[in-house]
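A.B. asks: Structure in structure tokens, see below.
The values are calculated or read from the model by the stated rules, or taken from the named source; none is laboratory data. Remember, predicted model here, so these are calculated numbers, not experimental data. Cβ atoms come from the backbone with ideal geometry, glycine included; neighbour counts cover every protein chain shown. Note: accessible area is taken over every heavy atom of the protein model, side chains too, but ligands, DNA and RNA are not part of it. Shrake-Rupley method; radii C 1.70, N 1.55, O 1.52, S 1.80 Å.
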Amino acid sequence: PAGPEGRRAVPFWSKPTRARRVADQAAAFMGFEIVVIELDDWLAGWLPCLERDDMLAGVNWSGARATGFDLTPAQVGEWFAEQRDAIATGMQMAAG
């Protein structure tokens, strides 16, 4: 689907159960097969393709209308980089 700015978004969910719930509730997604993508594959493969195609990542859409956040691939990549940095810092402190 296209957002208010006309950019298309591809939906992704953090858990298969969230995706299944939307697929069972939202008419636009009924009958869709839920496919699990490994995080590293998603970050290294899917996000760059979305960026190249000028598309957004729909994050954890919910409800019968399948609504939620649409973020640029760069925004999503930054969030994961920050999380990995925080985890690495915490591990260094614990080992320190």
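A.B. asks: Quick check: convex hull over the Cα atoms of the chain, volume per residue in Å³, rounded to an integer?
C.D. replies: Working: hull volume 10.9 nm³, N = 96.
It is 113 Å³ per residue.
A.B. asks: So, one more: Using Cα atoms only, what is the angle between the long axis of helix 16-25 and the major principal axis of the chain, expressed in degrees (0 to 90) to the nearest 10?
C.D. replies: Between the helix axis and the principal axis of the chain, the angle is about 20 degrees.
A.B. asks: Here is a further query. Return the carbon/sulfur percentage of the accessible area of the chain, one whole number, probe 1.4 Å, all protein chains in place.
C.D. replies: On the chain, the fraction of accessible area on carbon and sulfur atoms equals 57 percent.
A.B. asks: Give me the net charge for the shell around Ala2: Cβ to Cβ below 12 angstrom, other residues only, Lys and Arg +1, Asp and Glu -1. It would help to have the intermediate numbers written out before the result.
C.D. replies: Working: positive: Arg7, Arg8; negative: Glu5, Asp54, Asp70.
Taking every other residue near Ala2 into account, the sum is -1.
A.B. asks: Between Leu39 and Trp79, how many nm apart are label points set 7 Å from Cα along the C-beta direction?
C.D. replies: 1.3 nm
A.B. asks: Against the longest alpha carbon principal axis of the chain, how many degrees, from 0 to 90 and to the nearest 10, is the axis of helix 73-95 turned?
C.D. replies: Around 30 degrees separate the two axes.
A.B. asks: How much area per residue is accessible in segment 16-84 when the probe is 1.4 Å and only protein heavy atoms are counted (Å²)? It would help to have the intermediate numbers written out before the result.
C.D. replies: Working: 4700 Å² over 69 residues.
With all protein chains present, segment 16-84 gives 68 Å² per residue.
A.B. asks: Taking the DSSP beta bridges in the chain as the whole, what percent of them are antiparallel, to the nearest 5?
C.D. replies: Numbers: 5 of 9 bridges.
Given both bridge residues lie in the chain, the antiparallel proportion sits at roughly 55 percent.
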